[in-house]
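Asks: The structure under discussion is supplied below as structure tokens; questions concerning it will follow.
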Amino acid sequence: MGRGWFRSWWPLLMVAVILGIGGWLLYRLWQAQDRDSLSTYGAFAFPVVLLAAGWAAWAWRKGMTAHAAAAVSRKALNHAADQLAIAVQAQWKMTAEQRELTGADPVRVTWRQPAPPLAGPPSAAAGSRRFDPLPGLDETHEADLAAGQAAELHALYGGLRSGRLIITGPPGSGKTGAAILLVLAALRHRDQAPAGQRPDVPVPVLFTAQDWDPNQQPAISWLTRKLQDTYPQFSGRPGAETASALLASGRVTVILDGLDEISPRLRPAALRALTQQATFRLVILSRTSEMADAASSYGILHGAAAIELQPVISADAASYLQRTQLDPPTPGWQELISRTRNDPASPLSRALASPLALTLVRDTYQGEDIRELLQFCETLDGTPAAQAAEAVTDHLLDRVLPAAYSSRPGQPLPYDLDIARRTLTKIASRMNQDGTRDLNWWQIPKWAPRIPRVIVSVLVAVLVAVLVVGVAAGVVAGVVAGVVAGGAVGPEQMNGSRPQIIGDLRFSKALTRRNIMTGLLFGIPGGLISGFAGGLAGGLAGALAGGLLGVLAGGIEDVLTAAPDSSTLLNPASSWRRNRGYGLTLGLVVGLVAGLTFGLAFGLMFGPTFGVKLGLAVGPTLGLIAGLMTGAFYPVLLASAQLAIEWRTPINLMRFLDDAHRRNVLRAVGPSYQFRHARLQDRLAAAISPGNHDAGAPSNATPGPHATNRPQVRPHQRS
């Protein structure tokens, strides 16, 4: 017991020694009646003792719990996985309902082995021993990889011993829809598993690969950040460690959509990184041709099985359209269904061979006369079949906004079609210029000039500082504080930055070793300097002010972090609100603590009246600076006002984006928005010619799928 006892209790013994030595020195100074030495000693000793006590508490707690870390680790990871499963279920169930993927009449999607070489032989994937089949599922054999339906993907994935599956298909073939249904099926299977086997069933997470540079960031590090960005339970350093441990222990299945979204030169590097670094089950989604190019450049994703989604056959497309209409259908719909079933080679049937076009017909002609579409198809006589099918799809995409922004009984229309079209066209064009499919609200400031935001921010900070500090401490002090405040706030508004979010307030987390060390670095100089100026009282006051502000500076992120057992998720609207709460709360906390600390410190030195004045002056000023410097919401507000002037868009851009999401024009992927279909983004962006920022309605000329105004993002459909 001796050695274990010493490891647990030695920090307290050290504190006792420090306190004993400090008390003996204080006694000797007191006996000598050396008041100057006494004041200097007090200014130095107070923060040291405070630091020693906090450090000892941390070390003692760590020593007492070190022996139980291994036993708690598995239990903690299992709990984190359960909380993650709840959040993922809520996230993708909502998305599936918006896209009507979980109804009684889904589009029938089939798959088979791909024609081009994308992976190794099926026998290698089926014969691997990397993973056991998931509890309750049969092993996937080579014959099972020949062909099947999308509804069978979960059994295929769960029984595949290699744990690696590649799902490919042409644009609009339903890859993302199939991935969402796979996520929900995997979560249902996990929920139904016996409690003892549930930890062996990984939680599926679905991310897009667009912002991953495998040459700069290892797969585990990038996926850890994606988990942190999407699920608040992983915020902060402890959350990052938990997320990384979940990935390393295989408690998470990664479904990676849009490998074709990253640069062609990075795709082989991504396959190489995933082959070498992935310790978890992995599903990759990509367009067939891009995956074939990447595989031919690098080789293969070792142990992966590959399947390719097939076009919807005309009979299944006609059956789906019939199931979504009145019985019997109206004459126009009857004609559409008949043409689709009986003429598979027509442009209409070729276009409706994709789930994308089928859902667009369902959504954009709901309650409308479908004969308008039939008349449009008649104008394509003589057009090559493939080009005509693309023209039909573009025609359907042009109907998305009119359908979404049409008047509906009982539903107010806050934005008319012209405003919506202009705003979304501007946004789509800017996103294409940036080469991105993710609309990150915190990056909106990059769309507008920076200098006006800097000027406004500096003026606000200077005005507040001059008014508040000037009243308490004089005009000169107010001007100096204003210049300092403006210089601190202004540069932070230059560009958008990744937002911090607020979780449960836990002030005890501020008392960590790192934060107390920061407090010491502030407190000792403050105590020494104040001790020379004001004796013992000044030293104590300076140490108190510097130490508390140092602890606050180091610990505010930990104080405002999310709870580890949170099962909530972030969507763009909640991310915006949480960041706004983070900035406001941070400003309030900093203002309150700074005001009390400086008021008390200088009240001891120069009297209570001056202390109250200075506390009321310093608190709001520092609070304003802290809130504006850390809140990503503030630059977005200013940038939205700039865009409203330049682009004639709604001044409350976040409210507009949230409304577009409710109208199913945008979709939420974690804290980011995306256009409902990537091809819709390209179609809207094509309405603005290079150098022309005046967006109007789409022209009657229907460009082909590659007719776009920027080379960075190739137009396609991520289904």
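Each reported figure results from applying straightforward, stated rules to the coordinates on display, with no laboratory input. Since we're looking at a predicted model, the values are computed, not measured. All Cβ positions, even for glycine, are placed from backbone atoms using ideal geometry, and neighbour counts span all protein chains on display.
Asks: Among residues other than ALA448 whose Cβ falls under 11 Å from its Cβ, what is the net charge (Lys/Arg +1, Asp/Glu -1)?
Replies: My count for the surroundings of ALA448 gives +3.
Asks: Under a point spin-label approximation (7 Å from Cα along Cα-to-Cβ), what is the GLN149-ARG371 distance to one decimal in nm?
Replies: Result for the modelled spin labels: 3.6 nm.
Asks: Tell me whether the stretch 106-207 comes out rounded, prolate or oblate; compute the Cα gyration tensor, take square roots of the eigenvalues as a ≥ b ≥ c, and use a/c under 1.5 as the rounded threshold.
Replies: Oblate is the answer for the stretch 106-207, as a/c is 1.5 or above yet b/c matches or exceeds a/b.
Asks: Let me know the shape class of the stretch 73-309, please: from the alpha-carbon gyration tensor, a ≥ b ≥ c as square roots of the eigenvalues, rounded when a/c is under 1.5, otherwise prolate if a/b is greater than b/c, or oblate.
Replies: Rounded.
Asks: Kindly rank 186-195, 632-641 from highest to lowest mean number of other beta carbons found within 10 Å of each residue.
Replies: 632-641, 186-195
Asks: Same structure again: Find out how many positive minus negative residues lie around SER128, taking Lys and Arg as positive, Asp and Glu as negative, among other residues whose Cβ is under 9 Å from that of SER128.
Replies: That sum, taken over residues with Cβ under 9 Å, equals +4.
Asks: Here is a further query. Residues with beta-carbon under 11 Å from that of SER314, excluding SER314: net charge, scoring Lys, Arg +1 and Asp, Glu -1?
Replies: That works out to +1.
Asks: Order these by the 10 Å Cβ neighbour count, fewest first: THR279, THR230.
Replies: Ranked by crowding around the Cβ, least crowded first: THR279, THR230.
Asks: Sequence gap at least 6, Cα distance under 8 Å: using those rules, report the relative contact order of the stretch 73-309 to the nearest whole percent.
Replies: After rounding, I find 30 percent.
Asks: Cα-Cα pairs above 23 Å in the stretch 299-391: how many percent?
Replies: Tail of the P(r) past 23 Å holds 27 percent of the pairs.
Asks: List the residues whose amide H sits under 5 Å from the amide H of SER249, counting only those 5 or more places along or on another chain, with H placed 1.01 Å from N in the peptide plane.
Replies: Distant-sequence amide H within range of SER249: zero hits.
Asks: Over 24 Å between Cα atoms: which of LYS93/LYS226; LYS93/LYS426; LYS426/LYS446; LYS93/LYS175; LYS226/LYS446 fall into that group?
Replies: Too far apart for the 24 Å limit: LYS93/LYS426.
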